[in-house]
Amino acid sequence: MKLKASKNLDTLFIKTYGCQMNEYDSSRMADMMKEAYGLRLVGMAEDADVILMNTCSVREKAEEKVYSELGRYKKLKDKRPDMIIGVGGCVGQQEGERIQQRAPYVDIVFGPQTYHRLPEMVKQIRRNRVRVTEIDMPEIEKFDHLPKVDGHGISGFVTIMEGCDKFCTFCVVPYTRGPELSRPVADILAECCQLLAGGAVEISLLGQNVNGYRGMGPDGEEWDFTMLLYAVAELEGLKRLRFTTSHPMEMTQELCVAFGEIPQLMPYLHLPVQSGSDVLLKAMHRGHDRATYFRTIDTLRKHCPDLALSSDFIVGYPGETDADFDDTLELVRQVGYDSAFCFKYSPRPGTPAAKSEDNVPEAVKDARLQALLSLMREQTRQAMQRQLGRTVDVLVEKASRNAGDMQGRTPDFKIVHFRGNPRQVGQIMPVRIVEAYGQSLRGELILADN
Ligand code: SAH
Ligand code: SF4
Ligand code: F3S
């Protein structure tokens, strides 16, 4: 499908915000625009004929951030009116035509489920100089319209399902990404194979709740997420398998067991809990209580004693009391995380929680956030300290910023720097950990590859 128009479009810049699903979508947009128009990705908006913003609206001030970035692009477009500007992703989906009302120089608005139509949209604009908005929610058709992944890099991402049906009261994702829809197993395996053929040794399976996966198997039956994991793990050339994000509500026994059984499945799990208070878990519509969460963690650790856990927390949800927040701190102490993301609650337009008064004072939210962050920093520090003296398998990812150093990841997802050689990229090498910092480790290669 070559759509090259008369006046040359040569370069593409994509600014990506938000979760890894957006990262995946951006790379697919790049694949597609390369196929349709031969566009080459550039690192700066200033050099681009087409600028796409892939936006996120999960937390505060998302829309304002988009408009201020757009202001910058407008200046570029004033000088080069042929330039095409598109806004996609979750803010695109939520705001729709409002974006072009406020920023008339935006040519295209699209959502997470319509970006496969970008080449067509670009064609329309170039023909008619009209503005285009495409934010309907087609039934997961995009994957059937995307070109093959342009496999490169040692670590690849594959979106296995779209959307979310959980409707946590604070969250926009079900509205911006639509309902949960799973890709067929065969499509996912084929995409993984393309990545592996392109040199990947690690694959991360992506979705807002991957363990809600229910996809059509090659046998015509519905497969759940654990069945998919076993199948992906068997692919030739795959050394490391990861996934994100999973929901505590759907952590089945089989999935916990898989951590002990699948050698390629790395011992790291991001399992957001948001709060340690039963009252809040209920108010947030999370679908489980704290006792169930603890049971899940116990089962996971029984099958995979080295499992590193991370999580997401929200402080200052409407009605959160000191006692609720203490329950959160206590849960963190009891579980023991390697890392976590902590957020202050912010009301999102259109969500049920936004109808309640945002009644925890800002100063209280700040104080709780600081208390949680300092507990987490201490837990992360301890997790790093525990690595000292260990020899771990590091997947070498790239040259580090320090000359002569390489950087890679441990099985449990910690960053390690060590003296190495760019030829080692893509290899898994034993490294002895000699120093622990706040967010990373320093090690020494055991077997130098000279
Ligand atoms: N699907 C994932 C989370 C996706 S959003 C899950 O269910 O775990 C990523 C994180 O953003 C959430 O886990 C939550 O901690 C945070 N978040 C989402 N909406 C928020 C809001 N309105 N205010 C503050 N944090 C929010
Ligand atoms: Fe949002 Fe909840 Fe769905 Fe996660 S599970 S994406 S927090 S609604
Ligand atoms: Fe953000 Fe949309 Fe992902 S709101 S977190 S980009 S699903």
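Values quoted throughout were computed directly from the atomic coordinates according to the rules given, and no laboratory measurement underlies them. Since the structure is predicted, the reported quantities are computational estimates derived from the model, not experimental observations. Counting neighbours? That spans all protein chains shown, and the Cβs are built from the backbone with ideal geometry, glycine included.
The range 199-221 and the range 240-303 have Cα centres lying 17 Å from one another.
A straight line joining the Cα centroids of the range 305-339 and the range 399-421 runs 30 Å.
Think of the chain as having a plus end and a minus end, set by charges on the Cβ of Lys, Arg, Asp and Glu; of 311, 70, 114, 70 sits farthest toward the positive end of this dipole. Taking one equal scatterer on every alpha-carbon of the range 177-216, how large is log10 of I(q)/I(0) by Debye at q = 0.30 1/Å? Computed log10 I(q)/I(0) values: -1.06. 3J(HN,Hα) couplings calculated from phi for the range 413-419 with the Karplus curve 6.51 cos²θ - 1.76 cosθ + 1.60 (θ = phi - 60°) are, in sequence order, 6, 8, 7, 10, 9, 7, 5 Hz; Gly and Pro show x. Each Cα pair under 8 Å and six or more residues apart adds its sequence gap; the mean of these over the residue count of the range 266-371 is a relative contact order of 32 percent. Shape index of the range 136-265: Rg/Rh, with Rg the Cα radius of gyration and Rh the Kirkwood radius from the inverse mean 1/r over Cα pairs, equals 0.96. Only bridges whose two residues both fall in the chain count here: according to DSSP, what percent of them are antiparallel, nearest 5? Given both bridge residues lie in the chain, the antiparallel proportion sits at roughly 35 percent.
For the range 216-280, a crude dipole built from +1 on the beta carbon of Lys and Arg and -1 on the beta carbon of Asp and Glu, taken about the Cα centre, is about 480 debye to the nearest 20.
Select from the chain the helices, each a whole stretch of DSSP H, whose alpha-carbon atoms run 30 Å or more along the helix axis and whose Kyte-Doolittle mean is at least -1.0; answer none if there are none. The qualifying helices are 362-385. Shown here for the range 413-450: chymotrypsin sites (Phe, Trp or Tyr not before Pro) in loop regions (DSSP other than H, G, I, E, B) with at most 14 other Cβ atoms within 10 Å, namely 437. Give me the Debye-computed log₁₀ of I(q)/I(0) at q = 0.21 Å⁻¹ for the range 272-319, equal point scatterers on Cα only, no solvent, two decimals. Values, matching the q order: -0.75.
For the range 345-450, the square roots a ≥ b ≥ c of the C-alpha gyration tensor eigenvalues yield an a/c of 1.5 or more together with a/b exceeding b/c, which makes the shape prolate.
Once the convex hull of all Cα atoms in the chain is built, its volume per residue stands at 156 Å³. Between 206, 235, 271, the GNM of the chain built on Cα springs shorter than 10 angstrom shows 235 fluctuating the most.
Shape analysis of the range 1-122 places it in the oblate category; the axes a ≥ b ≥ c from the Cα gyration tensor give an a/c of at least 1.5, with a/b not above b/c.
How big is the gap, in Å, between the Cα center of the range 425-442 and the Cα center of the range 24-47? With the range 425-442 and the range 24-47 each reduced to a Cα centre, they are spaced 33 Å. Can you list which of the trypsin sites (Lys or Arg not before Pro) found in the range 67-156 are DSSP loop residues with at most 15 other C-beta atoms within 10 Å? Sparse-neighbourhood loop trypsin sites (Lys or Arg not before Pro): 129, 148.
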